[in-house]
Structures are given as C-alpha cells and as structure tokens.
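Peer 1: This structure is in structure tokens; I'll ask about it shortly.
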Amino acid sequence: MTQMVASQAPDGSKARRVYLLLRDEILGGHLAPGDSLPGELKLAELHGVSRVTIRRALEGLETDGLIERRAGSGTSVRAPGAQPGQIIADLATLMPQLRWMEEATTARLLAFSYGVPPGPVAEALGLAEGARVQRAVRLRLAGGLPFSHLTTQVPEPIAQGYSESDLATTPLFRLLERRGVVVDHARQSVSAVLATPEVAEALELSVGAPLISLTRVVYDAAGNGVEHLSALYRPDRFRLEMTLNRVGAADARHWEPVVVAGSGEKAGP
C-alpha cells in the first residue's frame with residue numbers, strides 16, 4: 001500500500017502551476033510510464049522558475065505516486081505496475097454502479113455525528129428549519145488503496161434506526177432498506193474541486209490536488225429526501241465514462257446515452 005503522506009506541497013502559486021502542468025502531461029499520456037523527466041535545472045529553465053519551486057512541484061507529484069525520484073538516476077514517471085487499477089463507472093448507469101461499489105470495495109468510517117446540516121443540504125433534502133441529520137464521513141478503498149472520500153447526511157428520523165457500528169460494517173443503502181426506505185429517484189451532479197488538507201491526507205494526495213466531485217440527493221416515492229451524498233474521487237483511481245448512440249433521422253440526428261439498468265435497479269431519472 002502506498003504510504004500516507006500529508007503534504008503541503010505545492011502551496012505556492014508557481015509551484016502549483018508547474019505541478020499541475022506536469023501532472024496533466026503524465027495523466028494525459030504525454031509522459032509515458034518509465035519516461036525520464038528533465039533535471040531540476042532544465043525544468044526550472046523550461047518553466048521560468050527557481051529550482052526550489054521545481055523541487056516543491058516534484059515533491060507533490062511524488063506524494064501523489066506519479067513519479068519516482070532516485071538519487072543518481074533522476075526522476076521518472078512511475079511504471080503501470082506501481083499504480084493501482086482504476087475504478088471505472090458508466091455515467092449513464094451510475095446509480096446501480098455506486099451500489100455495486102459499496103459491495104465490492106471496503107470502507108473505513110472516519111467521522112460520525114448528529115447536527116443541523118448546512119443550508120444547501122437542508123434545502124436539498126427538504127428539511128424543516130432546525131431539523132437534524134446524521135453525518136458520516138467514510139473512506140472507500142479498492143485493493144487496500146483509497147479512491148473516494150464520502151460524506152453522507154441522512155435525516156435523523158431515518159438514521160436513528162441504525163448505529164455507528166452498523167454504518168462501519170454495512171453499506172448505507174442496506175441500512176436504509178432495513179428502515180423501510182424505498183428509493184424512487186435521485187439527482188446527481190458532477191464537477192471538479194481541489195483537495196483540502198483533510199481530504200488530501202485521507203486520499204494520500206498533496207493539498208490542492210484535483211478531484212472529481214459528485215453530489216447525489218436520493219428521494220423516496222413521496223419526494224422526501226432520504227440521503228445527501230458528497231463524494232470526492234481520485235481521478236487516477238476512478239474514471240467516469242459514457243457510451244453514446246447516434247439516433248434520429250436527417251437533421252434531427254443527435255447523441256443519446258446508452259442506459260442499461262443493472263441488478264434490478266432503476267438507472268436514474
């Protein structure tokens with residue numbers, strides 16, 4: 001397992017810029033596994049910065065597991081065998097696949113509490129002013145390597161049906177089903193954010209590393225919000241894909257996602 005390192009690099013604007021440029025080249029395939037990077041002096045000249053700035057950028061890439069730095073042999077892009085396999089999800093069928101991930105991967109409970117949620121969460125769940133939720137923060141791992149940081153908020157009347165120990169050992173959707181919750185539909189949005197220090201440490205990344213951000217609000221048949229999920233994914237260990245078909249006739253032809261329901265699940269609204 002990759003060693004967990006809480007890195008503050010690169011925290012300067014120049015170091016962060018170089019870090020992001022090199023990271024994009026690696027993840028985009030412009031720098032292949034095994035390729036050697038130029039020396040610090042050459043990189044400093046190429047990017048118009050100091051060697052100290054380059055060193056901080058490389059420290060961030062090393063923390064992310066994207067490069068190897070060895071005394072006497074320079075810096076190289078990590079080989080495929082040093083990187084874990086990605087979790088790949090089809091965006092069109094993400095609801096059933098998120099359920100599959102809960103069963104096929106492991107989770108570690110990081111935090112558990114009750115309290116009044118932030119305004120946007122309360123509004124999304126349709127809660128009355130002052131209503132409380134159960135907030136749980138979990139780290140999900142595949143093959144022992146963390147790939148997602150999950151924060152779930154569930155209305156207190158529903159969440160009181162299971163305990164902290166239940167949540168630490170059982171997927172949330174199973175606990176909701178035991179409470180008699182019948183999920184009808186959900187709304188999802190996908191964006192991108194930068195890792196905060198707390199999330200970066202949990203996901204074994206450097207502070208400010210880019211993350212895939214997914215927000216999902218789940219509703220029952222009556223339209224009541226039963227779960228608010230904020231999920232953050234490492235882009236090097238989790239990828240969203242979508243298959244499209246070209247449909248229609250003549251000028252009306254357009255692209256439509258291929259939606260296939262799985263495991264008896266509804267594939268989203």
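Peer 1: Confirm whether Phe173 is surrounded by 13 or more Cβ atoms within 10 Å (Cβ to Cβ) and either outside the structural domain of Thr106 (by TED's automatic domain parsing) or touching a Phe, Trp or Tyr at 6+ places or on another chain (Cβ under 7 Å) (or both).
Peer 2: Against the criterion (surrounded by 13 or more Cβ atoms within 10 Å (Cβ to Cβ) and either outside the structural domain of Thr106 (by TED's automatic domain parsing) or touching a Phe, Trp or Tyr at 6+ places or on another chain (Cβ under 7 Å) (or both)), Phe173 does not qualify.
Peer 1: Moving on to the next point. When you look at Ala209, is it in contact with an Asp or Glu (Cβ under 7 Å, 6 or more places away or on another chain), assigned by TED's automatic domain parsing to the domain that holds His149 and exposed (fewer than 14 other Cβ atoms within 10 Å of the Cβ), yes or no?
Peer 2: Judged against the criteria, Ala209 is not a match.
Peer 1: Among the numbered conditions (1) within 23 Å of the chain's Cα centre (by Cα); (2) surrounded by 15 or more Cβ atoms within 10 Å (Cβ to Cβ), tell me where Ile158 comes up short.
Peer 2: (1)
Peer 1: How about region 128-143: which of its residues are touching a Gly at 6+ places or on another chain (Cβ under 8 Å), assigned to a loop (DSSP other than H, G, I, E, B) and at negative phi?
Peer 2: Across region 128-143, the qualifying residue is only Arg132.
Peer 1: Could you run through region 1-25 and say how many residues are modelled with pLDDT of 80 or more and buried (at least 19 other Cβ atoms within 10 Å of the Cβ)?
Peer 2: Qualifying residue count, region 1-25: 6.
Peer 1: Scan region 26-47 and report the pairs whose first residue is in the same structural domain as Arg70 (by TED's automatic domain parsing) and whose second residue is loosely packed, with under 12 Cβ neighbours inside 10 Å and polar (S, T, N, Q), with Cβ atoms within less than 9 Å and a gap of 6+ or a chain change.
Peer 2: Ser36/Ser73
Peer 1: Can I ask one more? For region 87-127, name all the residues that are part of a loop (DSSP other than H, G, I, E, B) and either more than 17 Å from the chain's Cα centre (by Cα) or at pLDDT below 55 (or both).
Peer 2: Val116, Pro117, Pro118, Gly126, Leu127
Peer 1: Restricting attention to region 246-259, does a residue exist that is aromatic (Phe, Trp, Tyr), under 29 Å from Glu59 (Cβ atoms) and assigned to a strand (DSSP E or B)?
Peer 2: The answer is no, given that none of the residues of region 246-259 is aromatic (Phe, Trp, Tyr), under 29 Å from Glu59 (Cβ atoms) and assigned to a strand (DSSP E or B).
Peer 1: For the condition more than 20 Å from Pro118 (Cα to Cα), crowded, with 18+ Cβ neighbours inside 10 Å and hydrophobic (A, V, I, L, M, F, W, C), what is the one hit in Val226, Val137, Val183, Val218?
Peer 2: Unique residue meeting the criteria: Val183.
The values are calculated or read from the model by the stated rules, or taken from the named source; none is laboratory data. These figures come from a predicted structure and were not determined experimentally. Cβ: placed from backbone, ideal geometry, glycine included. Neighbour counts: every protein chain shown.
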